[in-house]
Amino acid sequence: MSLAIRAASPGDEGEILRMVRALADFEREPDAVVATEAMLTENLFGEGAQVHAHIAERAGQAVGLALWFLNYSTWTGRPGLYLEDLFVDPAERKSGVARALMVALAEEALARGCARMDWAVLDWNTEAMTFYERIGARRNEGWQPWRIEGDGIERLALTGK
């Protein structure tokens with residue numbers, strides 16, 4: 001069954017919230033989610049929405065989520081794409097879903113003229129860190145934000161590597 005990546009659209013709020021809650025469970029914060037479907041509707045699809053999401057689907061079922069927004073780098077004078085959440089259903093992990101979502105985000109970053117992509121990783125999530133290193137990201141010392149810049153974004157967007 002082929003994998004499809006698409007921008008989230010109204011009606012996806014329930015699946016997005018499901019995956020956000022599952023991510024909170026994975027990150028050992030099962031009671032931390034206070035978001036509601038109504039909040040997601042407003043923030044993702046309301047007038048002037050500044051938050052965006054891509055959904056990975058297999059056989060019409062949502063199996064992954066990348067939720068993101070634009071930030072700005074005063075050093076580069078260009079926007080950046082900040083990945084807030086990346087989640088893949090446990091049964092789909094190691095099947096290319098995360099890479100496909102990251103490729104879609106790299107394509108988005110290129111289309112929007114972004115200088116870089118940033119995100120943070122929990123210090124115990126070594127599996128995620130290994131994945132991010134494989135796609136060309138690097139760890140910043142200190143509080144562990146992650147970034148792909150310039151050639152790395154282009155390479156990921158254009159070749160998936």
Sole miss for A104 among (1) at pLDDT below 95; (2) under 20 Å from A7 (Cα atoms); (3) not polar (S, T, N, Q) is condition (1)
If we keep only residues of the range 38-51 that are surrounded by 13 or more Cβ atoms within 10 Å (Cβ to Cβ) and touching a helix residue (DSSP H, G or I) at 6+ places or on another chain (Cβ under 7 Å), then the residue nearest to Y82 (Cα to Cα) is V51
Counting only strands (runs of 3 or more DSSP E) wholly inside the range 8-99, the ones holding at least 1 residues that are modelled with pLDDT under 95 are 61-73
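Can you find a residue that is surrounded by 13 or more Cβ atoms within 10 Å (Cβ to Cβ) and in contact with a Phe, Trp or Tyr (Cβ under 9 Å, 6 or more places away or on another chain) anywhere in the range 137-144?
The answer is yes, given that some residue of the range 137-144 is surrounded by 13 or more Cβ atoms within 10 Å (Cβ to Cβ) and in contact with a Phe, Trp or Tyr (Cβ under 9 Å, 6 or more places away or on another chain).
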Got at least one residue in the range 4-26 being under 21 Å from A109 (Cα atoms), touching a Ser or Thr at 6+ places or on another chain (Cβ under 8 Å), buried (at least 19 other Cβ atoms within 10 Å of the Cβ) and among the small types (G, A, S)? no
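Rundown of residues vs (1) outside any helix (DSSP H, G or I); (2) among the basic types (K, R); (3) surrounded by fewer than 17 Cβ atoms within 10 Å (Cβ to Cβ), yes/no style:
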site: A104; (1), (2), (3): no, no, no
site: G113; (1), (2), (3): yes, no, yes
site: W124; (1), (2), (3): yes, no, yes
site: E127; (1), (2), (3): no, no, yes
site: T130; (1), (2), (3): no, no, yes
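The values are calculated or read from the model by the stated rules, or taken from the named source; none is laboratory data. Worth saying up front: this structure is predicted, and the values here are computed from it rather than measured. Note that we place each Cβ from the backbone using ideal geometry, even for glycine, and neighbour counts take in every protein chain shown.
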